[in-house]
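Report on one structure; see the data block that follows.
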Amino acid sequence: MQAVLLGYGTVGKGVEKLVNTVDGLDMKAVFVLPEFEDLPYFSNDGEGLVTDPDVDVVFECLSGTEPSNTLIRKALQAGKHVITSNKATVAPNLEDYVKLAEENGGSIQIEASVAGGIPFLDAVLKLQKLEDLNGFEGIFNGTSNYILDQMQKEGQDLSTALRDAQAMGYAEADPTNDVEGMDVWYKTVITNMLAYNTKNDGLRKPLGISKLTPEDIALARGENKVIRHISRSVQKDGRYASVIAPAFLDRDDYLANVPSNYNAQLIYADSFDKIGLFGQGAGQMATAQAMLANALDTMEGTERPIRLDRNLKQDDSLIQETWLVRSEADLSSITTARVKEGSYWLIGPAGADVIDRIQELDPQAMIALWR
């Protein structure tokens, strides 16, 4: 099979390395920006590459949503097998990509867009074939996990831990998507669709880690808890709900023991209760390995199809949790609110929509799950 690569950054270079180890898969050309062009192997004619009749597989590793979205659509319209790691492009466009693949005889594979080198989406697609999944939860961002780990183990404040993460290459120069939870938001949107076979009904805004302070770290330590940033999703009776937030977890909790920049997930269903996965959620070779695993599936005809033939609706009441809030505001008007100590409140059990009520009373409140 002939392949082309879109993007020659960290992940793209990893894909190139691994393609060269696979018999029967040849890299024909790489799309780069004009200033990096070095014909004929490197080209800035993205549309020409993805519509080339001799090309079978398109690896997409670009950053941002354009030109990635346009080139993915062109490739699928031309009947290509598209393998992408681009969560920001996949999350809002997956329904269209699946439809284009079905109409034109190609495929869309997205393992590397969520959890990097962990075969999480592969597990989701396999397990939901037999029964409805009850949900999933996990740590999906290595940068925020590293920062929280350093804050709790080394006593660093968030800004210092962030600088360390940037120096080690875990965090971007602009870390907003990581610390504010947008990276996890994209991944949760994608996983909801695959796990529940549903079209995208949106997702509430994430709660990031930027409001956490040494005061919160001290509270967690005193209560024998560990803070992690998690995504939690549940499905029941044709509805689903998701929340992305910091979580104060008991020390023996599976997710509390995920160190440094690692990721981990749990998948829930009636037949097996829960299954856990652990590993590197990003990085050059881990992510490239996930993309090549998809390519091997294409070569062997063993791709897991993505079906989005349901229309589940969000229902925040499905997420019944106790919430820890640090706020100087008076939250007593929230029915289940009670003072924990000082400026801390415990609220719940309550649905995820209680977040809206808290933020109406105090837009700067630190809000977390208390488990």
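Evaluate the following for K80: is it more than 23 Å from the chain's Cα centre (by Cα), crowded, with 24+ Cβ neighbours inside 10 Å and within 26 Å of S43 (Cα to Cα)? Answer is yes for this residue.
Note on the range 271-303: residues that are aromatic (F, W, Y) and either under 18 Å from A3 (Cα atoms) or open to solvent by 60 Å² or more (accessible area, probe 1.4 Å) (or both) total 1.
Checking each residue in the range 195-214 for being closer than 16 Å to Q314 by Cβ and of a type in the set (A, V, I, L, M, F, W, C) picks out A195, L203. Would you mind stating whether E131 is open to solvent by less than 70 Å² (accessible area, probe 1.4 Å) and either more than 23 Å from V226 (Cα to Cα) or modelled with pLDDT under 95 (or both)? Here the answer is yes, as E131 does meet what is asked. Each residue in the range 63-93 was checked for being of a type in the set (A, V, I, L, M, F, W, C), within 19 Å of V189 (Cβ to Cβ) and not in a strand (DSSP E or B), and 4 pass.
So that you can scan it fast, the table gives a plain yes or no per residue for (1) farther than 27 Å from Y170 by Cα; (2) open to solvent by 40 Å² or more (accessible area, probe 1.4 Å); (3) not hydrophobic (A, V, I, L, M, F, W, C):
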residue: L6; (1), (2), (3): no, no, no
residue: L25; (1), (2), (3): yes, no, no
residue: L33; (1), (2), (3): no, yes, no
residue: P40; (1), (2), (3): yes, yes, yes
residue: E47; (1), (2), (3): yes, yes, yes
residue: N86; (1), (2), (3): no, no, yes
residue: T89; (1), (2), (3): no, no, yes
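Scanning the range 216-225 for residues that are among the aliphatic types (A, V, I, L, M), within 20 Å of P175 (Cα to Cα) and in contact (Cβ under 8 Å) with a residue 12 or more places away in the chain turns up nothing.
Selection of the range 95-110 for residues being part of a helix (DSSP H, G or I) and either β-branched (V, I, T) or open to solvent by less than 20 Å² (accessible area, probe 1.4 Å) (or both) yields Y97, V98, A101. Can you find a residue in the range 227-237 that is modelled with pLDDT under 95 and either in a loop (DSSP other than H, G, I, E, B) or within 16 Å of V325 (Cα to Cα) (or both)? Yes, that holds for at least one residue. Summed over the range 111-123, the residues that are of a type in the set (A, V, I, L, M, F, W, C) and either without any contact (Cβ under 8 Å) to a residue 24 or more places away in the chain or surrounded by fewer than 21 Cβ atoms within 10 Å (Cβ to Cβ) (or both) give a count of 1. Among helices (runs of 4 or more DSSP H) entirely within the range 152-208, having at least 1 residues that are out of contact with any helix residue (DSSP H, G or I) (no Cβ under 6 Å at 6 or more places or on another chain) and under 25 Å from N311 (Cα atoms) singles out 182-196.
Against the conditions (1) open to solvent by 10 Å² or more (accessible area, probe 1.4 Å); (2) more than 25 Å from N93 (Cβ to Cβ); (3) not small (G, A, S), W185 satisfies every one except (2).
For Y146, state whether it is touching a residue at least 24 places away in the same chain (Cβ under 8 Å), touching a Ser or Thr at 6+ places or on another chain (Cβ under 6 Å) and open to solvent by less than 40 Å² (accessible area, probe 1.4 Å). So Y146 fits the description; yes.
Residues that are under 23 Å from the mean Cα position of the chain (by Cα) and either of a type in the set (D, E, K, R) or over 15 Å from Q109 (Cα atoms) (or both) within the range 35-61 comprise just one, E60. Criterion first (touching a residue at least 60 places away in the same chain (Cβ under 8 Å) and more than 20 Å from D273 (Cβ to Cβ)) does D174 satisfy it? In short, no.
With respect to the stated conditions, E172 fails to be open to solvent by 60 Å² or more (accessible area, probe 1.4 Å), under 22 Å from D353 (Cα atoms) and out of contact with any strand residue (DSSP E or B) (no Cβ under 8 Å at 6 or more places or on another chain). Taking strands (runs of 3 or more DSSP E) as the structural unit, those lying wholly within the range 325-371 and holding at least 1 residues that are of a type outside the set (F, W, Y), touching a strand residue (DSSP E or B) at 6+ places or on another chain (Cβ under 9 Å) and surrounded by fewer than 12 Cβ atoms within 10 Å (Cβ to Cβ) correspond to 337-341, 344-350.
Within the range 304-317, residues that are over 20 Å from K126 (Cβ atoms) and without any contact (Cβ under 8 Å) to a residue 12 or more places away in the chain have Cβ atoms under 6 Å from residues that are open to solvent by less than 70 Å² (accessible area, probe 1.4 Å) and among the basic types (K, R) in no pair, counting only partners at least 6 apart in sequence or on another chain. Among the residues making up the range 231-270, those that are of a type in the set (S, T, N, Q) and either on the phi > 0 side of the Ramachandran plot or surrounded by fewer than 18 Cβ atoms within 10 Å (Cβ to Cβ) (or both) are N257, S260.
The values are calculated or read from the model by the stated rules, or taken from the named source; none is laboratory data. In this text the structure is predicted, and so the values were computed from the model without any measurement. With ideal geometry, Cβ positions are generated from the backbone for all residues, glycine too; neighbour counts draw on all protein chains shown. Areas reflect the complete protein model, heavy atoms only, side chains present, ligands, DNA and RNA absent. Shrake-Rupley method; radii C 1.70, N 1.55, O 1.52, S 1.80 Å.
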